[in-house]
Amino acid sequence: MPIMIKTPQEIEKMRRSGQIVREVLEHVRKLVKPGATTQDLENGAAEKIRELGAKPAFKGYRGYPCVLCTSVNEEVVHGIPSTNRVLRDGDIVSIDTGVIIDGYYGDSAITVAVGEKLAPKTKRLLEVTQASLQRGIEAIKPGATLGDVGAAVQETVEANGFSVVREFVGHGIGTRLHEDPQVPNYGMRGQGQKLREGMVLAIEPMVNAGKPDVQVLSDGWTAVTQDGSLSAHFEHTVAVTAEGAVVLTQ
């Protein structure tokens, strides 16, 4: 598929969907506590999306059953909310969601600590994953390449002794949830697609405390680390403008 270049008007519409995604995630963040289930987070998100007048982007997408992906501890992405999954003090939970408003998508993810008992290495994993997203965003400007973005993420992660998941990547986004190009969280500077003004990208590092390898469970959705190590995930929808990156989901 050709890469869709957005007009400033379209980017403004995407900013609106991005703001709603942010509000939903901030609402769900407050529901994360020991004893809550991932279904509690799902219910809170579904209600908030409705209240804000948007449509959930994930529910029904390729048959996915929920408005959120909730991935706990060694789950990397696409964890399905469940009344059986109870959050415990010291867990981490990645919360990924998207909405559609006026035909335009927004997509973002955060990883949240449950309770107060976070191990220092786990805290570090969250900090480094968030920092790697920030570095990736800082690499975005017209004329830069996707390799520049991926390298910025990868270097930040690996310098801290963690690893970048390779099976799942970021993506273009607009009137569809997934558009071209794919946006890997690894790469070589100067390589790959050149960025142009009007491109909108979902940048989403998934970072493992152990090795990068993942596998998908029998539910056909939930991806976990092969070595059982913890995984964190942060994501923003970002527009490429003449001035550089503009984050639409903050």
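A few notes on this one:
- Considering G190, G210, G228, the condition of being in contact (Cβ under 8 Å) with a residue 24 or more places away in the chain and either farther than 22 Å from V72 by Cα or of a type in the set (D, E, K, R) (or both) is satisfied by G190 alone.
- Of residues in the stretch 46-98 being under 13 Å from the mean Cα position of the chain (by Cα) and of a type in the set (A, V, I, L, M), the one nearest to W221 (Cα to Cα): V77
- Residue that is surrounded by the fewest Cβ atoms within 10 Å (Cβ to Cβ), among those in the stretch 105-145 that are over 17 Å from the mean Cα position of the chain (by Cα) and either hydroxyl-bearing (S, T, Y) or part of a helix (DSSP H, G or I) (or both): P120
- The residues on offer are R62, R16, and the sole one that is out of contact with any helix residue (DSSP H, G or I) (no Cβ under 8 Å at 6 or more places or on another chain), on the phi > 0 side of the Ramachandran plot and part of a helix (DSSP H, G or I) is R62.
- Taking the conditions (1) outside any helix (DSSP H, G or I); (2) surrounded by 17 or more Cβ atoms within 10 Å (Cβ to Cβ) in turn, V153 satisfies each one other than (1).
- Any hit, the stretch 96-104, residues being outside any loop (DSSP other than H, G, I, E, B), crowded, with 20+ Cβ neighbours inside 10 Å, in contact (Cβ under 8 Å) with a residue 40 or more places away in the chain and among the polar types (S, T, N, Q): yes
FYI, it's all coordinate maths here, none of it is from the lab. This one's a predicted model, so the numbers in the text were calculated from it and none came from an experiment. Cβ atoms come from the backbone with ideal geometry, glycine included; neighbour counts cover every protein chain shown.
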